[in-house]
Amino acid sequence: MAAIARPRRSVLYMPGSNARALEKGRSLPADGLILDLEDAVAPDAKDVARDQIVAALAEGGYGKREIQIRTNGLNTPWGYADIVAAAKTSADAILLPKVESADTVRQVATIMEAEGAHADMRIWCMMETPLAMLDARDIAGAHSRLGGFVMGTSDLAKDLNCAHTPDRLPMITSLGLCLLAARAFDLAILDGVHLDLSDDDGFVASCKQGREMGFDGKTLIHPKTIAAANTAFAPAESEISWARKIIAAHQEAAQEGKGVVVVDGKLIENLHVVSAKRLVAMADQIAEMDAV
């Protein structure tokens, strides 16, 4: 599960054309930043945005935050140049918009290899069209550089011609298909954005739903939502205490030659311990990040 073994509670989109935003990103308590060259950047600012992102990453200072560069699509006038430039940076990943096939992933991987992308640089895919939902399995298994999915729920709702309801019931099938594909191939997966910045309760509810479904975190469009996302997607103290308790109990039982143990009336097997160890490891990483 290497692709998902790091905190991604809050991942904030930041327009590459906004130099102040790129600077501010160095101090925000988000787990990750998506430095955007696509939707958030006007056509006449694409080249400037690309240069500013490259310069900002060369300067550094982003600490332990995971940095993704969202490029324009290869079918646009800017996509190829975006990928070539991003491949030469220290970014953790290139995020591709509107991916609809495994071939797109492999094509980008070939460009990255040719441009000398560092070995740990991953490809992430925006999943935001009906065809992407139907081909999620093939996309997830497209290449060893693939690191995860980002749900593009706004574009998806548009293409589905569905309502963007608070419970997101019209998109549940799509979200589930991408979750299944991501987990089948040990990929991380981030939930889509919540567009109404005045709807604090709705945002918290959306985060709660996303975590219950299995998403690793939430993509964000404003720094004001970082704290709520961090809280929603972090293990609660009660969860951490329970995890540590069953790990210790199972270890003691194993030393006695037992494969299962009952803790507070609940049967604990190895599968519960695996999940508990993952939760504790994530909690430790979150504590380390928050301490910086």
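Within the stretch 9-44, being touching a Phe, Trp or Tyr at 6+ places or on another chain (Cβ under 6 Å) and either assigned to a strand (DSSP E or B) or outside the structural domain of Phe203 (by TED's automatic domain parsing) (or both) holds for Ile34, Asp36.
Within the stretch 205-222, does at least one residue satisfy the condition of being modelled with pLDDT under 95, assigned by TED's automatic domain parsing to the domain that holds Pro29, part of a loop (DSSP other than H, G, I, E, B) and of a type in the set (Gly, Ala, Ser)? The answer is no; no qualifying residue exists. Among the residues making up the stretch 66-83, those that are of a type in the set (Val, Ile, Thr) and assigned to a strand (DSSP E or B) are Ile67, Ile69. Residues being in the same structural domain as Leu33 (by TED's automatic domain parsing), assigned to a helix (DSSP H, G or I) and free of Cβ contacts under 8 Å to residues at least 40 places away in the same chain are entirely absent from the stretch 262-278.
If you go through the stretch 236-292 and keep only what is closer than 28 Å to Asp31 by Cα and surrounded by fewer than 10 Cβ atoms within 10 Å (Cβ to Cβ), you end up with Glu237, Ser238, Leu271, Ala291, Val292. Is one or more of the residues making up the stretch 53-62 in a helix (DSSP H, G or I), of a type outside the set (Val, Ile, Thr), surrounded by 22 or more Cβ atoms within 10 Å (Cβ to Cβ) and in contact with a Leu (Cβ under 6 Å, 6 or more places away or on another chain)? Scanning the stretch 53-62 turns up at least one residue that is in a helix (DSSP H, G or I), of a type outside the set (Val, Ile, Thr), surrounded by 22 or more Cβ atoms within 10 Å (Cβ to Cβ) and in contact with a Leu (Cβ under 6 Å, 6 or more places away or on another chain).
Can you tell me which residue is surrounded by the most Cβ atoms within 10 Å (Cβ to Cβ) among those in the stretch 63-84 that are among the hydroxyl-bearing types (Ser, Thr, Tyr) and in contact (Cβ under 8 Å) with a residue 12 or more places away in the chain? So the residue we want is Thr71.
Selection within the stretch 26-40: residues that are surrounded by fewer than 22 Cβ atoms within 10 Å (Cβ to Cβ), without any contact (Cβ under 8 Å) to a residue 60 or more places away in the chain and not polar (S, T, N, Q). The member of this set that is farthest from Asp155 (Cα to Cα) is Arg26. Number of residues in the stretch 109-138 that are β-branched (Val, Ile, Thr) and in contact with a strand residue (DSSP E or B) (Cβ under 6 Å, 6 or more places away or on another chain): the value is 1. Whenever a residue of the stretch 188-201 is closer than 30 Å to Arg137 by Cα and in the same structural domain as His222 (by TED's automatic domain parsing), its partners that are among the basic types (Lys, Arg) and in a strand (DSSP E or B), lying with C-beta atoms within less than 7 angstrom and at least six residues away or across chains, give the pairs Leu190/Lys218; Asp191/Lys218.
Evaluated against (1) in a loop (DSSP other than H, G, I, E, B); (2) out of contact with any Pro (no Cβ under 9 Å at 6 or more places or on another chain), Ala163 falls short on exactly one condition, (2). Checked against the criteria, Met133 does not count as surrounded by 17 or more Cβ atoms within 10 Å (Cβ to Cβ), at pLDDT 95 or above, in contact with a Ser or Thr (Cβ under 7 Å, 6 or more places away or on another chain) and over 30 Å from Met112 (Cα atoms). If you go through the stretch 186-204 and keep only what is assigned to a loop (DSSP other than H, G, I, E, B) and buried (at least 17 other Cβ atoms within 10 Å of the Cβ), you end up with Leu187, Gly192, Val193, His194. Taken together, the criteria place Ala228 among residues that are assigned by TED's automatic domain parsing to the domain that holds Gly148, under 30 Å from His194 (Cα atoms), small (Gly, Ala, Ser) and surrounded by 15 or more Cβ atoms within 10 Å (Cβ to Cβ).
The values are calculated or read from the model by the stated rules, or taken from the named source; none is laboratory data. Since the model is a prediction, treat every value here as computed from it, not as a measurement. Here the Cβ is made from the backbone with ideal geometry for all residues, glycine too, and neighbour counts use every protein chain on show.
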